[in-house]
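Student: One structure, pasted below without further comment.
What follows is calculated from the coordinates using simple rules that are stated; it is not laboratory data. It should be emphasised that the depicted structure is a prediction, and the values quoted were computed from it without experimental measurement. Ideal geometry is used to build each Cβ from the backbone, glycine not excepted, and the neighbour counts take in all protein chains shown.
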Amino acid sequence: MIPFNIPPYVPECSAYVEQAIQNHKICGDGVFTKRCNAALEEIAGVHRALLTTSGTSALEMAALLMDIQPGDEVIMPSYTFCSTANAFALRGATIVFVDVDPQTMNIDPECVRAAITPKTKAVVPVHYAGVCCDMDALQAICDEFGLLMCEDAAQAVSSTYKGRGAGSMSTVGCFSFHETKNFSMGEGGAVLVQDPALAERAEIVREKGTDRSRFYRGQVDKYTWIDIGSSFLPSELNAAYLLAQLEKHEEITASRMACWNQYHAAFEELENKGCLERMYVPAECGHNAHMYYIVLRSLDERTALIEHLKANGVNSVFHYIPLHSAAAGIKYGRFHGEDKYTTDRSERLLRLPLHYGLSAEDTQKAIDAVLSFFA
Ligand SMILES: *Cc1c(COP(=O)(O)O)cnc(C)c1O
């Protein structure tokens with residue numbers, strides 16, 4: 001059976017974890033965490049990157065840093081992971097879900113504009129499948145209405161938009177290093193901040209609301225509780241595992257991209273015949289081959305294809321159940337405008353195996369299984 005995902009691993013992961021153990025420093029913010037932060041600042045082109053315990057906690061930190069208050073409205077796509085919404089619902093905000101652009105499954109800027117009210121505080125674009133949202137259009141809307149923006153770049157580590165790094169284009173950007181992502185530390189994430197003053201506050205919020213980072217740098221002679229915060233620091237053991245991959249991020253992405261390109265070329269004919277739609281990447285987006293998906297003609301056809309692939313030794317999976325239709329989505333949010341594409345396309349989208357080290361032979365096996373379904 002070809003698995004849908006295998007967590008990324010390079011031999012240096014083991015060596016670095018062993019080193020962290022030998023260092024007798026396994027709590028947060030040791031040398032491995034600092035080297036990961038520096039690597040991420042370089043990859044994303046951002047002033048400050050700080051590792052967190054998950055992509056979820058990075059989003060929760062973002063909501064704290066943006067001072068989201070009860071009664072605020074936060075606009076995001078319904079087609080995303082529940083953590084995107086949870087982070088803001090936890091601060092008492094009302095989640096306003098809007099529709100996606102059918103070509104990319106990313107938030108539609110015109111739907112954002114239509115959903116703005118005097119209570120709107122922020123917009124949260126999600127770079128689905130590592131393909132960046134229409135950031136110029138979203139930034140123009142945020143500027144016009146004085147809104148904050150938080151990129152959920154959980155899937156978009158090392159992706160770009162017009163040459164700018166995903167996660168670097170808003171007030172706070174969020175990465176995930178869950179085992180299903182391109183680079184992983186088991187569970188982990190990062191917040192990215194461009195504004196130096198906000199970066200200083202991010203250090204405090206991440207350290208349980210204390211100025212312990214300043215203390216370690218010798219800037220204050222004792223540390224104390226000065227803001228609300230939580231324990232958002234991951235262990236050095238996890239950071240060590242991640243660092244090994246960040247040092248080889250180009251090689252890892254190239255391996256994934258080879259599979260992505262193989263799928264994309266193989267399905268062109270089926271797309272031309274109208275059997276399926278291939279994933280689409282706008283010219284201004286440099287993607288990271290996080291995912292390869294196709295969109296089938298109906299839910300029934302997708303169900304049949306999943307079964308056919310399974311019978312042929314290939315694991316494939318669908319993705320998000322739209323949040324506005326979920327119990328918590330109904331309780332904590334509302335959908336603004338017409339659900340033209342979110343539900344329909346979420347029922348027809350199918351993700352194929354793609355992970356670091358997936359061989360050309362196995363990719364071909366998955367391709368052949370899709371081709372035989374339509375033959
Ligand atoms: C993975 C993911 C998250 C959550 O990240 P965790 O590290 O699993 O907490 C949030 N948003 C999106 C879009 C994701 O893909």
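Student: Pick from I21, I116, I107: which residue has the top mean-square fluctuation in a GNM of the chain where Cα pairs under 10 Å get a spring?
Tutor: Highest fluctuation among the options: I21.
Student: With viscosity set to 0.692 mPa s and temperature to 37 °C, compute the Stokes-Einstein D of the range 265-331, Rh being the Kirkwood radius across alpha carbon pairs; µm²/s, no decimals.
Tutor: 227
Student: Follow-up question, since we're still on this one. Rounded to whole Å, give me the distance from the Cα center of the range 316-375 to that of the range 178-204.
Tutor: Taking the Cα centre of each part, the range 316-375 and the range 178-204 sit 26 Å apart.
Student: What whole-number distance in Å separates the alpha-carbon centres of the range 245-278 and the range 97-142?
Tutor: The range 245-278 and the range 97-142 have Cα centres separated by 25 Å.
Student: Moving on to the next point. At 222 nm, what value in deg cm²/dmol follows for the chain if DSSP H runs of at least 4 each add -39500 (n - 2.57) and the sum is divided by all its residues, to the nearest 500?
Tutor: When only DSSP H runs of four or more count, the value is -12000 deg cm²/dmol.
Student: Using only the alpha-carbon atoms, what does the range 149-282 span along each of its principal axes? Please give whole angstrom values in decreasing order.
Tutor: 69, 31, 23
Student: While we're looking at this one, here's another question. Which Rg and Dmax, in Å, describe the Cα atoms of the range 122-161?
Tutor: Taking only Cα atoms of the range 122-161, I get Rg and Dmax of 10.3, 29 Å.
Student: While we're on this one: Normalised by the number of residues in the chain, what is the relative contact order in percent for Cα pairs under 8 Å and 6+ residues apart?
Tutor: About 24 percent, as a whole number.
Student: In what sequence do D72, D67 fall when counting other Cβ within 10 Å, fewest first?
Tutor: In increasing order of surrounding Cβ atoms, one gets D67, D72.
Student: List Y356, Y79, Y280 from most exposed to least, where exposure is judged by having the fewest other Cβ atoms within 10 Å.
Tutor: With the fewest neighbours first, Y356, Y79, Y280 line up as Y280, Y356, Y79.
Student: Over the chain, how many pairs of lysines fall under 23 Å by alpha carbon, counting only those 8 or more apart in sequence or from different chains?
Tutor: Step by step, the pairs that qualify in the chain add up to 17.
Student: Using a Debye calculation, one point per C-alpha and no hydration shell, please list log10 I(q)/I(0) for the range 11-101 at q = 0.17 Å⁻¹ in order.
Tutor: Log-scaled intensity ratios, in q order: -0.86.
Student: Show log10 I(q)/I(0) for the range 113-192 at q = 0.17, 0.21, 0.23 Å⁻¹, two decimals, from a solvent-free Debye sum over equal Cα scatterers.
Tutor: Ignoring solvent entirely, the Cα scatterers give -0.64, -0.89, -1.01.
Student: Taking only Cα atoms, what is the 0 to 90° angle, nearest 10, from helix 55-65's long axis to the longest principal axis of the chain?
Tutor: 50
Student: At a 10 Å Cβ-Cβ cut-off, how would you order K248, K25, K119, fewest neighbours first?
Tutor: K119, K25, K248
Student: Given bins 10 angstrom wide, list per bin the percent of all Cα-Cα distances in the chain, short to long.
Tutor: 5, 24, 32, 25, 11, 2, 0, 0
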